Amino acid sequence: MTDVKTKATATEATQAGMAQAQPSWGWLRWAWRNLTSMRTAVILLALLALAAIPGSLFPQRNVASDPAAVIQYTQEHPRLAPWLDRLGMFDVYASPWFAAIYVLLLVSMTGCVLPRSRRLWQSVRSAPPPAPRNLARLEGHRTWETTREPAEIIATAAAHLRRKGFRVVAATDEVRAERGYLREVGNLAFHLSLLVLLVGIAAGKLIGFEGRVAVTEGATFANDLSQYDAFSPSAWTDVNDLEPLSFRLEEFDVSYQTSGPNLGQPTEFAARLAYRAGSGEEQTVTVEPNHPLDVNETKFFLTGNGYAPIVTVRDGRGKAVFTGPVQFLPLDTSYASDGVIKAPDAQPTQLAFEGFFLPTADVGPQGPYSMFPDALNPQLFLTAYTGDLGFGDGVPQSVYTLDKDELTQVRRNGQPFSQALSVGETMRLPGNQGTLTFDGVSRFANFQIAYDPGKEITLVAAIVLLLGLTASLAIRRRRLWLRLRPTDEERGSLVEVAGYSLTRREPPPNEIESLVAALHGPHHSTPAAKDASG
């Protein structure tokens with residue numbers, strides 16, 4: 001007997017130990033229940049909005065519109081910038097902490113919205129419920145006695161309510177009606193579109209990209225990574241799978257206001273392109289600031305323009321070592337522009353030129369300036385350098401700046417040599433070191449290239465969200481009931497009508513009055529409302 005008890009005790013102890021060793025899922029259910037609550041989703045949404053604020057206060061990396069912004073900020077704030085960089089303030093939207101908040105919000109919204117949407121859908125499809133036991137406690141209660149046939153009253157009430165847009169269920173002794181289901185449809189659309197909105201934004205930020213390029217008239221751009229002036233990929237961007245497309249800038253047209261207070265203001269920008277998508281035929285399109293070229297969700301926006309003086313550079317041997325347009329960057333609204341011209345193939349020494357271009361040149365008390373943005377009197381003002389341009393170092397160089405560490409400025413009589421050139425004129429360097437001829441003026445156009453596959457989805461989701469929210473706030477869901485009870489009089493019936501609002505607002509009294517009037521007919525008086533406490 002003792003051995004049996006000992007074995008039983010050992011078995012119970014073993015089972016208890018196994019039970020304690022088994023993991024408890026209670027805390028996981030508790031964590032999931034709290035994560036997927038609407039309260040948590042709202043908190044995470046507010047936290048995401050706060051986390052996005054530094055992205056608008058500090059410059060961000062991989063922004064094609066201003067790729068040097070972070071470098072410039074670091075130079076201006078040498079002590080603060082390293083600490084901000086450690087905190088991810090220059091990569092806010094790609095930082096781990098921002099991604100963690102976004103993923104938590106997405107999970108929370110998914111776990112919150114999907115079950116709630118299922119309940120809303122069931123509510124939309126549900127029939128009006130049976131009438132409460134005591135209709136006298138409801139809003140707009142009406143009661144009267146009648147000798148009309150119950151079936152006639154039921155049929156009249158059901159037909160009237162259907163004409164008013166109610167969903168009706170008619171029984172032998174009552175009519176159940178409900179209206180305002182669009183409110184639940186709007187509520188359902190609001191919740192689902194909010195989830196789609198988050199997914200669309202995430203898709204655009206994960207697989208999209210942004211870039212920019214400046215193309216001179218007559219030049220061709222191919223949608224390849226090497227062709228971009230600046231390229232900002234997302235985390236999952238496949239740079240080897242860019243949209244196969246190329247275009248040639250045939251002509252850039254621009255018009256300016258020639259009189260009045262808006263003198264010199266642009267009135268029209270238009271870039272005429274000849275483009276080819278994949279292996280398709282070449283097509284012509286005109287791109288304007290608000291009308292981009294769209295090829296399979298890759299959009300080419302016209303964002304700016306400038307002048308590209310056409311020059312020919314000859315070295316000391318008289319050999320042409322550079323010829324073609326050179327883009328100069330605009331400095332002001334009159335399109336006074338600065339730029340550099342490099343001739344690394346010049347012999348016996350490399351040549352470089354630096355200066356500015358004036359489309360309508362004039363000379364004032366402060367020196368040369370441009371009177372008008374159009375090229376009415378174009379002039380180049382240049383100074384020259386000789387030496388090593390640094391191309392042999394293998395370090396990429398900007399086409400808009402000149403590294404003068406290994407260069408020597410050309411001088412004449414001990415003074416820096418410079419010259420103003422009109423179209424057709426030639427600048428001859430002292431000592432037969434070379435020449436530069438100003439052959440003409442061309443234009444270039446700036447394009448911002450964006451691929452955001454979630455943009456259209458996000459836009460549609462935002463519109464549906466607003467429509468759904470408006471419907472859920474503006475439409476009132478309410479129920480009406482009509483009940484028949486036999487009276488003591490032979491073939492008599494007691495009619496009760498009442499309503500109830502599901503949105504905590506009193507239903508329109510005219511709906512009840514309209515039903516009562518329809519049941520009494522034009523020659524009968526409408527009964528007064530009976531006090532619910534009576």
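Answer with yes or no whether residue 169 is within 48 Å of the chain's Cα centre (by Cα) and part of a strand (DSSP E or B). Spelling it out, residue 169 is indeed within 48 Å of the chain's Cα centre (by Cα) and part of a strand (DSSP E or B). Taking the stretch 354-413 as the range and being without any contact (Cβ under 8 Å) to a residue 40 or more places away in the chain and of a type in the set (Ser, Thr, Tyr) as the test, the residues that pass are 360, 369, 370, 383, 385, 398, 408.
Among the candidates 222, 230, the residue that is of a type outside the set (Lys, Arg), at pLDDT 90 or above and in the same structural domain as residue 445 (by TED's automatic domain parsing) is uniquely 222. Beta carbons closer than 8 Å, at least 6 apart along the sequence or on distinct chains, pair a first residue in the stretch 239-257 that is over 12 Å from residue 283 (Cα atoms) with a second that is part of a helix (DSSP H, G or I) for 239/225; 242/225. Restricting the stretch 253-271 to residues that are within 30 Å of the chain's Cα centre (by Cα) and part of a strand (DSSP E or B) leaves a set whose member that is surrounded by the most Cβ atoms within 10 Å (Cβ to Cβ) is 271. Does residue 365 satisfy being of a type outside the set (Val, Ile, Thr) and at pLDDT below 95? Against the criterion (of a type outside the set (Val, Ile, Thr) and at pLDDT below 95), residue 365 qualifies. Taking the stretch 397-511 as the region of interest, none of the strands (runs of 3 or more DSSP E) fully inside it holds 3 or more residues being surrounded by 14 or more Cβ atoms within 10 Å (Cβ to Cβ) and among the acidic types (Asp, Glu).
List the pairs whose first member sits in the stretch 329-348 and is farther than 19 Å from residue 441 by Cα and outside the structural domain of residue 361 (by TED's automatic domain parsing), whose second member is among the basic types (Lys, Arg) and not in a loop (DSSP other than H, G, I, E, B), and whose Cβ atoms are under 8 Å apart, counting only residues at least 6 apart or on separate chains? Correct list of pairs: empty, since none qualify. Looking only at the stretch 288-320, which residues are free of Cβ contacts under 8 Å to residues at least 60 places away in the same chain and β-branched (Val, Ile, Thr)? Listed by number, the list holds a single entry, 295.
Of all the criteria given as (1) part of a loop (DSSP other than H, G, I, E, B); (2) at pLDDT below 85; (3) surrounded by fewer than 18 Cβ atoms within 10 Å (Cβ to Cβ), the one not satisfied by residue 117 is (1). Of the set (1) modelled with pLDDT of 90 or more; (2) of a type in the set (Phe, Trp, Tyr); (3) surrounded by 15 or more Cβ atoms within 10 Å (Cβ to Cβ), all apply to residue 83 but (3).
Annotation: of all residues in the stretch 276-312 being under 20 Å from the mean Cα position of the chain (by Cα) and farther than 20 Å from residue 446 by Cβ, the one that is surrounded by the most Cβ atoms within 10 Å (Cβ to Cβ) is 297. Selection within the stretch 255-269: residues that are among the small types (Gly, Ala, Ser) and touching a Ser or Thr at 6+ places or on another chain (Cβ under 9 Å). The member of this set that is modelled with the lowest pLDDT is 264.
Cβ-Cβ contacts under 8 Å between residues 6 or more apart (or on different chains), taken from a first residue in the stretch 500-520 that is under 18 Å from residue 129 (Cβ atoms) to a second residue that is outside any helix (DSSP H, G or I) and modelled with pLDDT under 80, are listed as 500/139; 500/507; 501/139; 501/507; 507/139.
Inclusion of residue 176 among residues that are assigned by TED's automatic domain parsing to the domain that holds residue 494, in contact (Cβ under 8 Å) with a residue 40 or more places away in the chain, in contact with a strand residue (DSSP E or B) (Cβ under 6 Å, 6 or more places away or on another chain) and closer than 30 Å to residue 465 by Cβ is not warranted.
In the set 322, 356, 381, only one residue is surrounded by 16 or more Cβ atoms within 10 Å (Cβ to Cβ), within 16 Å of residue 422 (Cβ to Cβ) and over 41 Å from the mean Cα position of the chain (by Cα); that residue is 381.
The values are calculated or read from the model by the stated rules, or taken from the named source; none is laboratory data. In this text, all values refer to a predicted model and were calculated from it rather than measured experimentally. Backbone-built Cβ (ideal geometry, glycine too); neighbour counts: all protein chains shown.
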